[in-house]
Number of protein chains: 2
Amino acid sequence: AIAAPAIAQTNPEVKWRMASSFPKSLDTIYGGGEFVAKRVAELTDGKFQIRVFAAGEIVPGLQVMDAVQAGTVECGATVSYYYVGKDPTFAFEAAMPFGLNARQNNAWLYHGGGLPLLREFYKKYNVINFPAGNTGVQMGGWFRKEIKSLKDMQGLKMRIAGIAGRVMAKIGVVPQQLAGGDIYPSLEKGTIDAAEWVGPYDDEKLGFHKVAKYYYYPGFWEGGPTISQYCNLDQFNKLPKHYQSAFEAACAEANLDMQAKYDVLNIDAIKRLVGQGAQLRAYPKDVMIAAQDAAFELYDEIAKENPGFAAILANWKKFREDIHLWWRVAEFNYDSFVLSNPVGGKKKK
Amino acid sequence: AIAAPAIAQTNPEVKWRMASSFPKSLDTIYGGGEFVAKRVAELTDGKFQIRVFAAGEIVPGLQVMDAVQAGTVECGATVSYYYVGKDPTFAFEAAMPFGLNARQNNAWLYHGGGLPLLREFYKKYNVINFPAGNTGVQMGGWFRKEIKSLKDMQGLKMRIAGIAGRVMAKIGVVPQQLAGGDIYPSLEKGTIDAAEWVGPYDDEKLGFHKVAKYYYYPGFWEGGPTISQYCNLDQFNKLPKHYQSAFEAACAEANLDMQAKYDVLNIDAIKRLVGQGAQLRAYPKDVMIAAQDAAFELYDEIAKENPGFAAILANWKKFREDIHLWWRVAEFNYDSFVLSNPVGGKKKK
């Protein structure tokens, strides 16, 4: 027999467009998309080029998934909870209030069954999703007045959207939908009483500390929100296998890299904010307890009407309980000790 | 002028060998090397092939770096603290007792200045290092008898090596060096009183709970040990740029993936161990305080004799303080709340 001739290696030139949900000014979260594009180009010796467009350049930031679904762009950098209006199931990928922290969310997505469940769900939208970034626990927002108990939250107008807004409504807050650029003037005028954004590094750029000095933590509706890359499924399937691998590997690396970058940049930002008068405050415990109960009540309500949501919720709730059980042993105990006991403890006694 | 002809794209066939410090039975940590090899092959359309060898197949597990340095193998999967006998500076990459947790270590390495400092240090060994895995906080080891205070640690023979062993010696423990396979019989006979290994998933395989039932946490000498890939610098420099990128991206992805895998696998392992009689115990606080002080005293002693170590220590200590400051705000507060307050707290009142 004669050996079949080797098939020529194919490294076709591919050009994609990526629509980002973020403005260039949010360099860390917008930068995640650029990171993916740069790494994909490097991995393919420059053959697979992705051009990144900021929010509004091709489509508005909140319509990135629609553009990917329609094939207007081949891929998009976005956050899944922007699309909870279509289906609340979208919230699981990024963050559910009182959900998993960043590392736990990665564990669930990559090895706890999360990603396969979500990919099945995304097929309806002709999209394949890749975790591609994280901010870590966000901050709980800027308040014009101090909150001493759950009572002080009643009737408060707060800029907060999506499922988090529905949780807040259940504990007496009046949630407001406002675009990023409208928050500062509304806080300044007192049209709203509070607003949440991201964390120290991003919040500082918008200057909220100048008009609402109480800076609350933690952002209990975003314990470790995953930033996503969405690809149009048909376009992704057309790629050569090693280009698919390049995209997937670049997203995973971006996931790790964005978190590391935020963790470093937030350090100096929180110091500067406090230096400029921001007053750090923990949410009162009764607010946290009421909000957590409200969140899980809401999940059960949604699950009754939405069997797809219910199926993922069951998996996610079990995982959350299980990983908390393990976290209470080594991980939390270690963090707890080093954060509460400065070096030199013995000598000080 | 005539345009220069385009240089033909080069995708040469490259074959490397990777020596692992781990046996195949430790499928998670050994699997990190296989993950890198598989992903590099996928990213290069099968042109760059790396064959992985378990500890002992080419060189013993603790001599992987030497083999990489000498060029016996092109790369190796290992942990930096195996080489503290050559220079204690090696410890920074993996873990210093009472050091950074996994996410904080990534922040330091990728964006806090850690990796550039360490790469300069590794040049002396003709090696370039890549973070390529993490176990998370390890467990504090198996004890035949319960430890109620620092007094009970005095004279205890414990299997623990490297800088952690030196810290333990300072608080009265007699550290013992034993290979993995010798731990079980030594614990059974009572030749040693205690032994540390990794965490639930790996420890379970060696069956320590059958001969030493007290299982302590946290492993304060490994708050989030980074597993490394080392490449021979000459060999790495000879690779085409996109193969270098493939290796680097695969390592970053392995770093994220191994942690996610451990976080999931440890859940059921700790349940099974407790079901089989393991008694979970937190280290008494006086042990933790004395050990932390001993660790930082040791670092200062080493720094006096080793200017290279001293330079990295200064950077690392400042980063540790800074990131703890930020961690105490949103991240720790969030974990602390969700771990201590089960859903339904309001109703229970």
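The values are calculated or read from the model by the stated rules, or taken from the named source; none is laboratory data. Please read all numbers here as calculations on a predicted model, not as lab measurements. Virtual Cβ from ideal backbone geometry, glycine too; neighbours counted across all protein chains shown. Remember, those area values only see protein heavy atoms, side chains included, never the ligands or the DNA or RNA. Shrake-Rupley method; radii C 1.70, N 1.55, O 1.52, S 1.80 Å.
Take a quick pass over region B:1-106 and tell me how many lysine pairs come in under 17 angstrom between Cα atoms, counting only ones 8 or more apart or on separate chains.
Going through region B:1-106 pair by pair, I get 4.
With N residues in the protein assembly as shown, what two-decimal value do you get for its Cα radius of gyration over 2.2 N^0.38 Å?
In units of the 2.2 N^0.38 Å rule of thumb, it is 0.97.
Reachable aspartates and glutamates from A:K238, Cα under 13 Å, same-chain residues fewer than 8 places away excluded?
Correct list for A:K238: A:E13, A:E74.
For helix B:330-340, what angle does its Cα long axis make with the longest principal axis of chain B, in degrees from 0 to 90 and rounded to 10?
50 degrees
Given a 1.4 Å probe, how much area per residue of region B:79-145 is accessible, in Å²?
It amounts to 25 Å² per residue over region B:79-145.
Order the peptides A:321-330, A:69-78 from the highest to the lowest mean number of other Cβ atoms within 10 Å of their residues.
Descending mean neighbour count gives A:69-78, A:321-330.
With a bin width of 10 angstrom, please list the P(r) values of region B:1-135 as percents of all Cα-Cα pairs, from the 0 bin to the one holding the largest distance.
For region B:1-135, the pair-distance distribution reads 11, 35, 34, 12, 5, 2, 0.
Take a quick pass over region A:240-349 and tell me how many lysine pairs come in under 23 angstrom between Cα atoms, counting only ones 8 or more apart or on separate chains.
4
With a 1.4 Å probe on protein heavy atoms only, tell me which residues of region A:227-244 lose at least 20 Å² of accessible surface in the complex relative to the chain by itself.
Listed in order, they are A:H242.
Restrict the search to region B:109-177; then list the trypsin sites (Lys or Arg not before Pro) that DSSP places in a loop and that have at most 13 other Cβ atoms within 10 Å of their Cβ.
B:K124, B:K145, B:K148
Can you give me the % of accessible surface on the protein assembly as shown that is carbon or sulfur? Probe 1.4 Å, all protein chains present, nothing else counted.
52 percent
On a C-alpha basis, how far is the centre of region B:131-206 from the centre of region B:262-325 in Å? Whole number, if you could?
That distance is 14 Å.
Aspartates and glutamates near B:K210 by alpha-carbon distance under 12 Å, same-chain residues fewer than 8 away left out - which ones?
Counting by Cα, and skipping residues close in sequence, B:K210 has these aspartates and glutamates nearby: B:E188.
What whole-number value in Å² describes the accessible area per residue of region A:167-266 for a 1.4 Å probe?
Accessible area per residue: 31 Å².
Within region A:97-172, how many Lys pairs that are eight or more residues apart, or on different chains, come under 26 Å at the alpha-carbon?
Pairs that pass both the separation and distance tests number 6.
Any residues in region A:35-80 that have 50 Å² or more less accessible area with all protein chains than in their chain alone, probe 1.4 Å, and which are they?
Checking the loss per residue gives A:R39, A:L43, A:D45.
Chains A and B: how much accessible area gets covered up at their contact, both sides added, probe 1.4 Å, in Å² to the nearest hundred?
7700 Å²
Comparing B:G32, B:G180, B:G61, which has the greatest mean-square fluctuation in the GNM of chain B with Cα pairs linked when under 10 Å apart?
B:G180
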